[in-house]
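Okay, so here's the structure we're looking at.
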Amino acid sequence: MDKTYEKDLLTAAGLAQDYLGNVLEQSVFPSEAARAALTAFDEDLPEVGRDSTETLNLMHSKGSPATTATTGARYFGFVVGGALPTTTAANWLATAWDQSPSSEMNSPAAVKIETVANRWLLDILGLPADSGVGMTTGATMANFTGLAAARTALLSRKGWDVEVQGLYGAPEIKVIVSEEVHITVEKALSMLGFGKGRVTRVLTDANGAMLLDALPELDDLTIVCTQAGNVNSGAVDPIEAIAKRAREAGAWVHVDGAFGLWGKLLADRVALFEGIELAHSFATDAHKWLNTPYDCGIVICHDPKFLHQAMVTSAPYFREDGANAPKDMVPEFSRRARGVEVWAALRTLGRQGVTAMIDRCCENARRFADGLKALGFEVRNDVVLNQVVATIGTAEELAAIRAHVEASGECWFGPTVWKGKHGIRISVSSWRTTAEDVDRSLAAIKAAKQAVLG
Ligand SMILES: *Cc1c(COP(=O)(O)O)cnc(C)c1O
């Protein structure tokens with residue numbers, strides 16, 4: 001057997017095990033010293049190549065301590081998720097393959113595994129089995145891709161070929177978003193030529209869900225961008241009602257469900273997601289709540305024909321049997337076989353395991369909310385999913401509490417502004433987080449509160 005790769009692979013495996021074996025006790029946010037030591041990377045470009053073991057060792061000795069412990073159990077910043085062990089390992093093997101799943105001709109294995117992952121995703125998310133699915137870098141690009149399909153659908157029905165003719169002189173599309181729209185949807189809209197300043201913003205209720213009464217008139221040149229899982233509150237828009245109206249008017253409904261779409265698996269949240277499948281396109285992430293490594297977003301389009309029309313490269317022939325090349329369903333041509341990790345996560349957890357993971361995160365979010373209330377915090381959202389927004393004291397005092405917790409290394413969460421008021425945002429999205437981790441974090445918050453507020 002050829003051993004060319006062996007030394008580097010075993011070195012990396014050893015270092016990765018050392019990292020992951022200690023990550024639960026690593027300072028959740030890197031210390032100032034660890035961050036300062038990153039200057040070790042400020043080398044000049046070597047004229048002569050350096051030793052590979054020494055290169056990997058530098059990565060571990062100086063890089064690892066300055067990571068945020070998002071694969072640990074007590075990182076609650078943003079909505080990042082961890083990475084399930086099998087998904088990290090599957091990612092390594094897929095990297096060893098070095099396959100681009102552009103088409104079957106590029107990689108029969110990668111395309112097969114991604115095709116199965118796509119089918120399983122529709123199954124577990126309860127979306128129509130004949131939908132089109134594409135794997136993107138994240139929800140930003142999944143939103144972009146879904147909205148590109150929307151643009152193609154609405155304009156082609158008016159006899160306008162946007163892929164060929166562009167947007168100049170095209171029938172004008174009205175875009176409706178929520179006042180709580182995620183910044184990456186705005187970015188997607190600007191990249192698509194819609195202009196993020198040209199949108200109509202719909203008011204939301206106290207928890208950040210779109211107010212149905214505030215929804216403007218819809219027509220067959222309207223795209224409504226809804227949200228399943230507000231990044232602060234976890235709120236889900238009344239998508240069924242919006243989609244019913246949209247379908248009557250010929251409008252298109254897109255759902256940004258970056259993490260929240262996975263809430264659809266919760267038995268006690270059925271009402272929140274009822275009828276969501278009436279929407280036309282969806283964006284979600286695997287690297288957040290499904291706990292695969294970066295990066296993996298997923299775009300789902302009810303009518304795969306529009307996804308294909310918007311993304312196709314060479315042969316413009318749509319295959320009715322669903323076997324369209326991945327490169328013709330997403331923006332990227334060459335890319336890594338990111339669906340492998342989705343497949344590995346779904347296969348090793350199964351429907352029950354994924355549901356239990358999502359459920360556990362929500363339960364621990366409620367535990368957080370109760371614990372924060374007991375500490376005198378005001379919980380400012382209805383904890384419908386895995387997100388908690390809380391506040392106490394002045395903005396300065398709250399920042400001091402956050403800094404205190406950060407320095408303790410016990411846990412990490414970020415600042416936010418919710419409905420015009422400063423707060424902290426806690427997202428429970430890692431497979432590793434237990435009730436004990438929540439209690440340990442609450443103890444750190446309690447100590448910080450006492451230090452700052454007495
Ligand atoms: C994270 C997030 C996005 C962007 O997803 P990326 O994977 O970071 O590109 C979009 N919308 C919502 C609601 C999110 O939480």
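Rule-based calculations on the coordinates, nothing more; no lab input. Predicted model, so just to flag it, every value in this text is computed and none were measured. Here the Cβ is made from the backbone with ideal geometry for all residues, glycine too, and neighbour counts use every protein chain on show.
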About the Cα centre, and with charges only on the beta carbon of Lys, Arg (+1) and Asp, Glu (-1), how big is the dipole of the range 357-453? Nearest 20 debye, please. 160
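In deg cm²/dmol and to the nearest 500, what is the mean residue ellipticity at 222 nm of the chain if only DSSP H runs of at least 4 residues count, each as -39500 (n - 2.57), divided by the residue total? Display every interim value, and only then the final one.
Numbers: 14 runs with 183 residues, N = 454.
Rounded to the nearest 500, the figure is -13000 deg cm²/dmol.
Based only on other Cβ atoms within 10 Å, what is the fewest-to-most ordering of Glu274, Glu341, Glu436, Glu332? Please list the in-between numbers first.
Details: Glu274 15, Glu341 31, Glu436 10, Glu332 20.
Fewest-to-most ranking of Glu274, Glu341, Glu436, Glu332: Glu436, Glu274, Glu332, Glu341.
By how many nm would the segment from Ala16 to Glu274 lengthen if fully extended, with 0.36 nm per residue of separation less the alpha-carbon distance?
That works out to 88.7 nm of additional length.
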Cα lying deepest toward the dipole's positive end in the range 89-345, options Thr204, Ile300, Val111, charges on Cβ: Val111
Modelled label-to-label distance, Thr200 and Arg35, 7 Å Cα→beta-carbon offset: nm? 4.4
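Just to confirm the filter: which chymotrypsin sites (Phe, Trp or Tyr not before Pro) across the range 138-235 are DSSP coil and have at most 10 other Cβ within 10 angstrom of their Cβ? Provide the component values of the computation, followed by the final result.
Numbers: sites: Phe144, Trp160, Tyr168, Phe194; in loops: Trp160, Tyr168, Phe194.
In loop regions of the range 138-235 (DSSP not H, G, I, E or B), the sparsely surrounded chymotrypsin sites (Phe, Trp or Tyr not before Pro) are Tyr168.
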Between the range 86-151 and the range 381-398, the alpha-carbon center distance in angstrom: 35
Would you mind computing, in nm to one decimal, how far apart the modelled labels at Leu45 and Met59 are, each placed 7 Å from Cα along Cα→Cβ? 2.0
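Report, in debye and to the nearest 20, how large the dipole of the range 115-164 comes out about its Cα centre when Lys and Arg carry +1 and Asp and Glu carry -1 on their Cβ. Let's see the in-between values first.
Values: 4 positive and 4 negative charges, 28 e Å.
For the range 115-164, the charge dipole is close to 140 debye.
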Please give every one of the lysines within straight-line cross-link reach of Lys158, meaning a C-alpha to C-alpha distance under 21 Å, and leave out same-chain neighbours fewer than 8 residues apart. Lys174, Lys305
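When averaged across all projection directions, what area in nm² does the alpha-carbon convex hull of the chain cover? Numbers along the way, then the final one.
Working: hull surface 96.2 nm².
If you wrap the Cα atoms of the chain in a convex hull and average its projections, you get 24.1 nm².
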Using Cβ contacts closer than 10 Å as the measure, can you line up Arg425, Arg366 from fewest to most? Arg366, Arg425
According to the square roots a ≥ b ≥ c of the eigenvalues of the Cα gyration tensor, what is the shape class of the range 357-453, taking rounded for a/c under 1.5, prolate for a/b larger than b/c otherwise, and oblate for the remainder? oblate
Based on other C-beta atoms within 10 Å, arrange Thr140, Thr145, Thr391 from fewest to most. Thr391, Thr140, Thr145
For the chain, what relative contact order do you get, as a whole percent, if you take Cα pairs closer than 8 Å and at least 6 residues apart? 22
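Which FRET efficiency value, to the nearest 0.05, do you get for Tyr317 and Gln450 by plugging their Cβ-Cβ distance into 1/(1 + (r/R0)^6) with R0 = 51 Å?
Numbers: r = 67 Å, r/R0 = 1.32.
Efficiency, from the Cβ-Cβ distance: 0.15.
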Length-normalised contact order of the range 89-345, Cα under 8 Å, at least 6 apart, in percent, tallies to 30
Out of the trypsin sites (Lys or Arg not before Pro) in the range 188-292, which ones are loop residues according to DSSP with at most 13 other C-beta atoms within 10 Å? Arg198
Please compute the modelled spin-label separation between Ala374 and Lys3, points set 7 Å along Cα→Cβ, answer in nm with one decimal. 5.7
Checked the range 1-88 with the C-alpha gyration tensor, a ≥ b ≥ c its square-rooted eigenvalues, rounded below a/c of 1.5, otherwise prolate if a/b is larger than b/c and oblate if not; verdict oblate
Where Lys and Arg each count +1 and Asp and Glu each count -1, what net charge lies around Thr87 among other residues with Cβ under 11 Å from its Cβ? +1
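Quick one: length gained pulling Glu363 to Glu397 fully straight, 0.36 nm per residue minus the C-alpha distance?
Working: separation 34, 0.36 × 34 = 12.24 nm, distance 2.83 nm.
Answer, rounded to one decimal: 9.4 nm.
What is the sum of charges, Lys and Arg at +1 and Asp and Glu at -1, for the other residues whose Cβ falls under 15 Å from the Cβ of Glu54? Write down the numbers at each step before the final one.
On the way: positive: Lys7, Arg50, Lys62; negative: Asp8, Glu43, Asp51.
Result for the neighbourhood of Glu54: 0.
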If the cut-off is 20 Å between C-alpha atoms, which lysines fall inside it for Lys288, apart from same-chain ones fewer than 8 positions away? Lys187, Lys264
What fraction of the DSSP beta bridges in the chain is antiparallel, stated in percent and rounded to the nearest 5? 60
Gain on full stretching of the segment that runs from Arg351 to Glu248 - 0.36 nm per residue minus C-alpha separation: 33.7 nm
Cβ-based net charge around Lys187, under 13 Å, with every Lys or Arg adding one and every Asp or Glu removing one: -1
